Amino acid sequence: QVQLVESGGGLVQAGGSLRLSCAASGSTFSNYVMGWFRQAPGKEREPVAALNRGGTSTYYADSVKGRFTISRDNAKNTVALQMNSLKPEDTAVYYCAARYGVVISTAADNYNSWGQGTQVTVSS
């Protein structure tokens, strides 16, 4: 099973940018669909973006389309989430997740491994 460690969270003003990174280890990274989820206080965890094994197919939540970009580097075992034009409603703990298999999924239960989460706070 793959182990995941996120980095790159922080405090940013509205309109700013952050780049989250997730480093994977312990298994063959290219066998996993990768996703980013987020959870705001008092809310359920929600999918933000996902990327297939080859990096050729993506999913984005409607709320982040055009602002966020997910990417992966299978040679470096990393996945990133570039977040631009951030809004206060993007404030949440962001989690990197891995799903063994081929098909992208937006269901958290379908992901086998999770990182510890990184806090993103967007001030107005």
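The values are calculated or read from the model by the stated rules, or taken from the named source; none is laboratory data. The model shown is predicted, which means the values in this text are computed figures rather than measured ones. Note: ideal-geometry Cβ built from the backbone for every residue, glycine included; neighbour counts use all protein chains shown. Note: accessible area is taken over every heavy atom of the protein model, side chains too, but ligands, DNA and RNA are not part of it. Shrake-Rupley method; radii C 1.70, N 1.55, O 1.52, S 1.80 Å.
How many percent of the accessible area of the chain is carbon or sulfur, using a 1.4 Å probe?
That share works out to 46 percent.
Read phi for every residue in region 48-57 and hand back ³J(HN,Hα) as whole Hz from Karplus 6.51 cos²θ - 1.76 cosθ + 1.60, θ = phi - 60°, with x for Gly and Pro.
Whole-Hz 3J(HN,Hα) from phi for region 48-57: 10, 7, 8, 9, 6, 4, x, x, 9, 9.
Might you report the magnitude of the Cβ-based charge dipole of the chain about its Cα centre, with Lys and Arg at +1 and Asp and Glu at -1, to the nearest 20 debye?
Dipole magnitude for the chain comes out near 200 debye.
Scan region 1-100 for GluC sites (Glu not before Pro) in coil per DSSP, keeping those whose Cβ has at most 10 other Cβ atoms within 10 Å, and list them by number.
Glu44
For Val5 paired with Lys65, estimate the spin-label separation in nm (one decimal), with each label point 7 Å from Cα along the Cα-to-Cβ line.
Roughly 3.6 nm, to one decimal.
Skip the ligands, DNA and RNA, and give the accessible area per residue of the chain with a 1.4 Å probe, whole Å².
Here the per-residue accessible area is 49 Å².
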